[in-house]
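Asker: Supplied in structure tokens, the structure appears directly below.
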Amino acid sequence: MLKVKAGDLDKMGLLFERYHRSLYGFLFHMTNQKEVSEDMTQNVFYRMLKYRNAFVGDGEFRTWMYHLARNVLKDHAKKTIKNGAQYDIKDFEERIGGSTLADEQFEKEEELNMLEKALGSLSTENRELLILSRYQELSYQEIAKILDTTEGAIKVRVHRAMGQLKSIYFKINV
């Protein structure tokens with residue numbers, strides 16, 4: 001990113017190749033909308049170019065990237081609230097299967113759906129913590145930098161969020 005900041009914009013392609021999948025995964029887990037997540041991923045990379053001079057380089061690039069992603073999510077939430085939630089059947093097409101699944105596959109998908117439902121029931125803050133720590137595999141230290149708090153606070157908050165997730169999951173599963 002320091003090379004991009006210095007004017008070597010071709011390096012942005014390398015950053016995109018390296019980080020777009022994990023960034024998309026984070027955004028998808030936060031929104032559960034494929035097209036919206038793809039658009040937001042592009043928006044994050046656009047903001048990286050636009051605000052490249054704001055990247056200082058004293059921290060890790062991923063921390064800065066997720067900070068931008070959180071801002072894009074906040075902007076999207078404001079826009080969605082302002083315009084009212086809009087859902088399209090196409091957003092759910094990939095979740096509706098057209099073929100018969102084997103029992104094992106069906107059970108696994110049911111468990112994943114229940115887990116996704118439980119994750120969606122958490123507060124935005126707790127869902128974000130679990131996605132960053134479990135799905136994106138960021139360290140507690142990296143998450144603390146993104147959220148501008150201490151590593152100890154993140155450990156406690158993740159532990160509590162996991163407890164809430166387990167509680168919600170088992171209520172759904174009963």
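Throughout, read-outs are computed from the coordinates displayed, never taken from laboratory work. It should be emphasised that the depicted structure is a prediction, and the values quoted were computed from it without experimental measurement.
Asker: As a check on your grasp of the helix formula, calculate [θ] at 222 nm for the chain: sum -39500 (n - 2.57) over DSSP H runs of n ≥ 4, divide by the residue count, round to the nearest 500.
Answerer: Value at 222 nm, helices only, nearest 500: -23000 deg cm²/dmol.
Asker: Can you list the residues, at least 5 places off or on another chain, whose amide H is less than 5 Å from the amide H of Glu60, using H built in the peptide plane?
Answerer: For Glu60, whose amide H was placed from the backbone, there are no distant partners under 5 Å.
Asker: Give the cross-link partners of Lys78 among the lysines, using a straight C-alpha distance below 20 Å as the criterion and excluding same-chain residues fewer than 8 apart.
Answerer: Leaving aside lysines fewer than 8 places away in the same chain, those within reach of Lys78 are Lys34.
Asker: Hey, what do the phi angles of segment 134-151 turn into as Karplus ³J(HN,Hα) couplings, whole Hz, using 6.51/-1.76/1.60 and θ = phi - 60°, x for Gly and Pro?
Answerer: Computed from phi, the couplings for segment 134-151 are 9, 7, 8, 6, 7, 6, 4, 5, 5, 5, 4, 5, 4, 8, 6, 8, 8, 5 Hz.
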